[in-house]
1. What residue, among those in region 56-81 that are polar (S, T, N, Q) and farther than 22 Å from LYS133 by Cα, is surrounded by the fewest Cβ atoms within 10 Å (Cβ to Cβ)?
2. Hey, could you check region 78-114 for residues that are aliphatic (A, V, I, L, M) and in contact (Cβ under 8 Å) with a residue 40 or more places away in the chain and say which is nearest to GLN126 (Cα to Cα)?
3. Going by the structure shown, is LEU91 in contact with a Lys or Arg (Cβ under 7 Å, 6 or more places away or on another chain) and aliphatic (A, V, I, L, M)?
4. Can you find a residue in region 94-101 that is among the small types (Gly, Ala, Ser), within 16 Å of LYS63 (Cα to Cα) and surrounded by fewer than 16 Cβ atoms within 10 Å (Cβ to Cβ)?
5. Which condition number does GLU137 fail, the rest of (1) loosely packed, with under 13 Cβ neighbours inside 10 Å; (2) of a type in the set (Asp, Glu); (3) more than 30 Å from VAL42 (Cα to Cα) being met?
6. State all residues of region 1-55 that are charged (D, E, K, R), surrounded by fewer than 10 Cβ atoms within 10 Å (Cβ to Cβ) and at pLDDT 80 or above; if no residue qualifies, say none.
Amino acid sequence: MNSNKITPKLAQELENLINNKIDTSYLPYVKGKSIRIGHIIVRETKVGFFLVFDTKENKEVAKMFCKTAAVALAKSVVQKRNDAISRIKQLDERISKHFTDALFYKHTIRVTKDDTRREVAEMRYQIAAETTKDAKEKLDTFIYS
């Protein structure tokens with residue numbers, strides 16, 4: 001089959017996509033140094049945190065540790081999913097704790113001369129890294145759902 005050929009089914013799907021009204025208020029876009037979703041702005045602070053700001057209310061919604069959590073929170077605020085907001089904040093706190101732990105264990109692995117201490121740090125590093133990865137994947141579900 002020629003891959004350049006447009007089938008009737010594909011043509012119909014494309015027509016439906018064009019004709020259906022897409023709610024763009026939920027789509028994130030970058031403007032300058034910020035990410036905007038509807039009336040919510042996500043911007044990195046000078047110290048590396050991410051500020052989530054509501055332009056309608058003219059107030060700070062939250063300061064988040066990671067960008068993924070900030071975007072997930074912004075999307076949930078725009079969609080008025082109050083049930084998700086506390087869960088997103090918990091996941092962000094989990095990422096913050098385990099990311100910092102992973103940095104400490106990585107440093108310990110690099111500098112220690114004690115083999116036992118290195119092995120323990122390696123195991124703890126793996127646990128912290130896996131926990132961080134798992135929490136980020138859970139945050140992704142809030143963004144892409």
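1. Going through region 56-81, the residues polar (S, T, N, Q) turn out to be 58, 68, 76, 79.
Among the residues that remain, those that are also farther than 22 Å from LYS133 by Cα are: 58, 79.
Numbers: ASN58: 7, GLN79: 16.
If we take residues in region 56-81 being polar (S, T, N, Q) and farther than 22 Å from LYS133 by Cα, then ASN58 is surrounded by the fewest Cβ atoms within 10 Å (Cβ to Cβ).
2. Quick first cut of region 78-114, residues aliphatic (A, V, I, L, M) only: 78, 84-85, 88, 91, 95, 102-103, 109, 111.
Next cut, in contact (Cβ under 8 Å) with a residue 40 or more places away in the chain only: 78, 84, 88, 91, 95.
Details: VAL78: 35, ALA84: 28, ILE88: 23, LEU91: 18, ILE95: 14 Å.
So the residue we want is ILE95.
3. Numbers: in contact with a Lys or Arg (Cβ under 7 Å, 6 or more places away or on another chain): yes; aliphatic (A, V, I, L, M): yes.
It is true that LEU91 is in contact with a Lys or Arg (Cβ under 7 Å, 6 or more places away or on another chain) and aliphatic (A, V, I, L, M).
4. Initially, region 94-101 is screened for residues among the small types (Gly, Ala, Ser), giving 96.
Among the residues that remain, those that are also within 16 Å of LYS63 (Cα to Cα) are: 96.
Filter again for surrounded by fewer than 16 Cβ atoms within 10 Å (Cβ to Cβ), leaving none.
Looking through region 94-101, none of the residues is among the small types (Gly, Ala, Ser), within 16 Å of LYS63 (Cα to Cα) and surrounded by fewer than 16 Cβ atoms within 10 Å (Cβ to Cβ).
5. Unmet for GLU137, out of (1) loosely packed, with under 13 Cβ neighbours inside 10 Å; (2) of a type in the set (Asp, Glu); (3) more than 30 Å from VAL42 (Cα to Cα): (3).
6. Result: LYS9, LYS31, LYS33, LYS46.
The values are calculated or read from the model by the stated rules, or taken from the named source; none is laboratory data. In this text, all values refer to a predicted model and were calculated from it rather than measured experimentally. So basically every Cβ, Gly included, is an ideal-geometry build from the backbone, and we count neighbours across all protein chains shown.
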